[in-house]
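Scroll down for the structure; my scribbles are underneath it.
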Amino acid sequence: MSTHLIVPFASTDSAAGLQARQSLHLPHLERLLGRMRQVGRLGGDAMSPNPPHEQALARALGWSTDDSALAHQALPWAAQRANELGLPGHEGGWGLLTPVHLHLGTDQVSLNDPAVLGLDEAASRQWLDVLRPLFDTEGFSLHWAAPDAWLARHPMFESLSTASLDRVIGRNVDPWLPDHRSARLLRRLQNEAQMLLYTHPLNDAREAAGQLTLNSFWLSGTGALPAATPAAASVRLDDRLRRPALTEDWAAWCEAWRALDAGPLAELAASRAPVQLTLCGERQAVHYQTVPQGMGARLAGLWRRSDVQRHLETL
């Protein structure tokens, strides 16, 4: 099997981010792309609930062969996580609940990066126990997975498509809320959770300590896990560009790009085995694979370079 590297947030729609990108010099990516050809493309809509990197990973895992549907169909990341934890991920629908702070602005409600809450395991489990009765009474089954990840199981999640957390961080939440009839229960639970959390002593303690309050949750990664399908490659998703892109720290984003180029991309560029690469932006994911080469072509490839900026512009 070939190695397949997926790189989320390789480019951005931000004007400041695009300016920062022009300063990047990525010699190993230049060399790698010089011996690759484009073999596929996903995405096309910055408002689709599933960002291109999630579409690309779902495709690589063999979850769907319908590329046109990947942007909007339910991608069961929660069910996969449940399966990894020894829970029945292949049974019923699962959803991923992320504890968050919603910021109420003058004209919109935006979602802060969940990492700023700084929850450890003990605090996260305590918050989950606070909310658990709301879900128990409606037939949900809740499981702790990580400080920023709780798993919920319920039949409504089997086909409910929800927006990825990566689409919502730092943005107005309204366009990303599910609006179909089956999501009414979810909206009611969110409202009840917000009322409960607003006056909770745990939040009083956080405010007294100068910390952001935990005032809601975000649901994502819903769906039922499909039957196991062998992937066509050993897939690795390197998300080191994610945090600086979502927080718009473009100096850190450029530094992360240089580290990615000096590490995993340098390894792929030096490999004689077939490799695959998928570069992902907010709209598009472009899939490349190496072209078989003879000795002469390999030697020529040592000096061949590809215009990285031209490739990143297409994302």
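The values are calculated or read from the model by the stated rules, or taken from the named source; none is laboratory data. Owing to the predicted nature of the structure, the values given are computational and were not obtained by experimental measurement. As a convention, Cβ positions derive from the backbone with ideal geometry for all residues, glycine included, and neighbour counts pool all protein chains shown.
Just one of the listed residues (Ala152, Ala252, Ala256, Ala245) is in a helix (DSSP H, G or I), more than 30 Å from Ser2 (Cβ to Cβ) and within 21 Å of the chain's Cα centre (by Cα), and it is Ala252. The condition (being surrounded by fewer than 14 Cβ atoms within 10 Å (Cβ to Cβ), of a type in the set (A, V, I, L, M, F, W, C) and out of contact with any Lys or Arg (no Cβ under 9 Å at 6 or more places or on another chain)) is satisfied by just one residue among Ala224, Ala208: Ala208. Total residues in segment 266-295 satisfying the condition of being surrounded by 14 or more Cβ atoms within 10 Å (Cβ to Cβ) and within 13 Å of Met36 (Cα to Cα): the figure is 13. Counted as qualifying within segment 20-121 are the helices (runs of 4 or more DSSP H) with 2 or more residues that are of a type in the set (Gly, Ala, Ser) and crowded, with 20+ Cβ neighbours inside 10 Å, namely 52-60, 77-84. The set of residues in segment 143-182 being within 17 Å of Glu192 (Cα to Cα) and crowded, with 20+ Cβ neighbours inside 10 Å consists of Ala152 alone.
For segment 172-194, taking the residues that are modelled with pLDDT of 90 or more and of a type in the set (Asp, Glu), the one that is farthest from Asp45 (Cα to Cα) is identified as Glu192.
If you check Gly86, Gly93, Gly62, Gly44, which single one turns out to be at positive phi and touching a Ser or Thr at 6+ places or on another chain (Cβ under 8 Å)? Write out each step before concluding.
On the way: Gly86 fails: touching a Ser or Thr at 6+ places or on another chain (Cβ under 8 Å); Gly93 fails: at positive phi; Gly44 fails: touching a Ser or Thr at 6+ places or on another chain (Cβ under 8 Å).
Just a single option satisfies the conditions, and that option is Gly62.
Does Val7 satisfy the condition of being crowded, with 17+ Cβ neighbours inside 10 Å, modelled with pLDDT of 95 or more and over 20 Å from His154 (Cβ atoms)? Against the criterion (crowded, with 17+ Cβ neighbours inside 10 Å, modelled with pLDDT of 95 or more and over 20 Å from His154 (Cβ atoms)), Val7 qualifies. Given the structure, is Val130 surrounded by 13 or more Cβ atoms within 10 Å (Cβ to Cβ), closer than 15 Å to Asn215 by Cα and either at pLDDT below 95 or not assigned by TED's automatic domain parsing to the domain that holds Ser216 (or both)? For Val130, the condition - surrounded by 13 or more Cβ atoms within 10 Å (Cβ to Cβ), closer than 15 Å to Asn215 by Cα and either at pLDDT below 95 or not assigned by TED's automatic domain parsing to the domain that holds Ser216 (or both) - is not met.
Test of understanding: among Leu33, Leu57, which residue is out of contact with any Leu (no Cβ under 6 Å at 6 or more places or on another chain), outside the structural domain of Thr162 (by TED's automatic domain parsing) and aliphatic (A, V, I, L, M)? Explain how you work it out, then say what you get.
Numbers: Leu57 fails: out of contact with any Leu (no Cβ under 6 Å at 6 or more places or on another chain).
Matching residue, one of Leu33, Leu57: Leu33.
For segment 222-240, the set of residues classified as at pLDDT 75 or above, closer than 16 Å to Trp77 by Cα and either in a strand (DSSP E or B) or β-branched (Val, Ile, Thr) (or both) consists of Thr222, Gly223, Val235, Arg236, Leu237, listed by residue number. What is the number of the single condition among (1) touching a Pro at 6+ places or on another chain (Cβ under 7 Å); (2) within 22 Å of Ser271 (Cα to Cα); (3) modelled with pLDDT of 95 or more that Ser2 does not meet? Here Ser2 meets the rest and fails (3). Return yes when Leu202 is among the aliphatic types (A, V, I, L, M) and either modelled with pLDDT under 90 or not in a helix (DSSP H, G or I) (or both) and no when it is not. Considered against the rule, which asks whether it is among the aliphatic types (A, V, I, L, M) and either modelled with pLDDT under 90 or not in a helix (DSSP H, G or I) (or both), Leu202 comes out as no.
Filter segment 237-254 down to residues that are small (Gly, Ala, Ser) and surrounded by fewer than 18 Cβ atoms within 10 Å (Cβ to Cβ) and give me whichever is nearest to Arg21 (Cα to Cα).
At the first step, the residues of segment 237-254 found to be small (Gly, Ala, Ser) are 245, 251-252.
Now drop any that are not surrounded by fewer than 18 Cβ atoms within 10 Å (Cβ to Cβ), which leaves 251-252.
On the way: Ala251: 10, Ala252: 12 Å.
The selected residue is Ala251.
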